[in-house]
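Working notes, structure below.
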Amino acid sequence: MASLKEKIGYALGDAAAGGITWKIMSIAFPLFFTNVFGLTVADTATLMLVARMFDVVTDPLMGSLADRTQSKWGTYRPWLILGAIPFGLIFALLLYTPDFGPVGKRIYAYTLYLLMMAAYTAVNVPYGSLLGVMTADDNEKNQFSSFRMVGAYAMGFITLLSFPYLQKMVGGTESHQYAVLGAGFGILAAAMTLACGLLTKERLKPVRAEKFSFRPFVDLVKNKPWIYLTLIGICTNFFNGFRYAVAGYLLEYCLHGNVTVSGLIINYTVFMTFGEVTCMIFGGVSPKFTEWMGSKRKAFAVAAIICMVFSIAFFFVPMNPAYIWVMVALVVLTSVGVGLYSPLLWSMYADVADYATEKNGTSSTGLIFSSGTMAQKFGSAISGALVALFLGFAGFESGTDPETGQTIVNITNEESVRSMIWSLFSLFPAAIIVIMLFLIHKYPIKK
């Protein structure tokens, strides 16, 4: 039986990766790159697309490598312990804006973003794989998964709520604020990742193949539950990715900047914070909800329908700051569904890993969980790239002045850009849910 301390320790891993680094990357990066760093819309979209192609290769390789690691710390934990500092350092450097021209900035952004993706893979793939070797008990796996989601959403809540106040406290230019906050959050993410590696235990030993071969990769593409679950994972991250990537633009261009209500500064990070705390609460009750629904698949489908209904409802809210609390309420209600299905996804990956081990005779836990991380990055970044592209089509332009080095933003069609932003936050995610419901209906594991 795992202790409470170990469950909290496991939660710290996703508090660092999901609650700090990935949350800031998902919500702040599109707006940061176009409006602060000074990349063009096309460069921002291309950057995220190139990084995804990079991840298609590195994530499965990392999973396979992690499965074959042997050390005094176990199979997966050494990657957390040794990767913590590089992970935090690269994240900090990525939020720094160098005093370069357009070409120099482009090279810096591409280099650091790809390094960040590699560092994230080296830490997060083994972290996810830990769930498959900490316990053999299915209920305990659900508990670990629930702790993981609560940790991610609780830290996401703290990160996003504090962001505008920390910016105000730091002062100076926006580029200076992001650089300082990047350093602070990078140190915190490194410390939490290290603590996760030290506080968790590996009780089960993976059934290793004798030597490296491409057989696990061949087995993977023949694994029907894995195919459906990976597509579902991509959809969940498309759903979140559209909403998070466009939130900054929504506040800036649809509501004309931050909204202050009774002293509370509602900027784009705070706006999404209301959803984070909701996800944290309902992530905690997800195991009971699943038990009540009778199966993971049914619970997942009901949670997805909740997301779809309230996403569509958001589209019909007037584009006016006076309706900010109606918008917040719909973000909260949508997040009820996200909170309920998020822990289920990782618990279902553990089921797929068990299915693969039973079918093939050797463990491919790291390889299978790497697809979860790949789906996370693929869905979030592709949606971020699409947001940038769609905004560009609608009339949003950005870049760096080659003479002064200053960031420039120009909108050629304000009404078109506002309508596109509103749809990207509501109708686009709802359409993704329709696809996700079809996939979960086809998912063959009935647990």
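Structural remarks
- Test result for residue 178, assigned to a helix (DSSP H, G or I), within 23 Å of residue 276 (Cα to Cα) and open to solvent by 20 Å² or more (accessible area, probe 1.4 Å): no
Conditions (1) in a loop (DSSP other than H, G, I, E, B); (2) open to solvent by 10 Å² or more (accessible area, probe 1.4 Å), marked per residue:
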residue: 1; (1), (2): yes, yes
residue: 7; (1), (2): no, yes
residue: 10; (1), (2): no, no
residue: 19; (1), (2): no, no
residue: 36; (1), (2): no, yes
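- Of the residues screened, residue 65 is one that is surrounded by fewer than 21 Cβ atoms within 10 Å (Cβ to Cβ), among the hydrophobic types (A, V, I, L, M, F, W, C), over 17 Å from the mean Cα position of the chain (by Cα) and under 22 Å from residue 133 (Cβ atoms).
- In the set (1) farther than 30 Å from residue 353 by Cβ; (2) assigned to a helix (DSSP H, G or I); (3) within 23 Å of the chain's Cα centre (by Cα), residue 106 fails one condition alone, (3).
- Flag for residue 149 being crowded, with 21+ Cβ neighbours inside 10 Å and out of contact with any Lys or Arg (no Cβ under 6 Å at 6 or more places or on another chain): yes
- One residue alone among 97, 58, 46 is more than 18 Å from residue 133 (Cβ to Cβ), modelled with pLDDT under 90, touching a Ser or Thr at 6+ places or on another chain (Cβ under 8 Å) and open to solvent by 10 Å² or more (accessible area, probe 1.4 Å), and that residue is 58.
- Filter result for residue 368 (part of a helix (DSSP H, G or I), within 27 Å of residue 225 (Cβ to Cβ) and at pLDDT below 75): yes
- Selection status of residue 324, among the β-branched types (Val, Ile, Thr) and open to solvent by less than 40 Å² (accessible area, probe 1.4 Å): yes
- Any hit, the range 261-270, residues being touching a Lys or Arg at 6+ places or on another chain (Cβ under 9 Å) and assigned to a helix (DSSP H, G or I): yes
- So residue 84, is it crowded, with 22+ Cβ neighbours inside 10 Å and among the small types (Gly, Ala, Ser): yes
- Looking across the range 124-178, the residues that are of a type in the set (Val, Ile, Thr) and in contact (Cβ under 8 Å) with a residue 40 or more places away in the chain come down to 125, 133, 135, 150, 158, 159.
- Every listed requirement among (1) at pLDDT 90 or above; (2) under 19 Å from residue 424 (Cβ atoms) is met by residue 302 save one, (2).
The values are calculated or read from the model by the stated rules, or taken from the named source; none is laboratory data. None of the values given here were measured: they were computed from a predicted structure. Note that we place each Cβ from the backbone using ideal geometry, even for glycine, and neighbour counts take in every protein chain shown. SASA here: full protein model, heavy atoms, side chains in, ligands and nucleic acids out. Shrake-Rupley method; radii C 1.70, N 1.55, O 1.52, S 1.80 Å.
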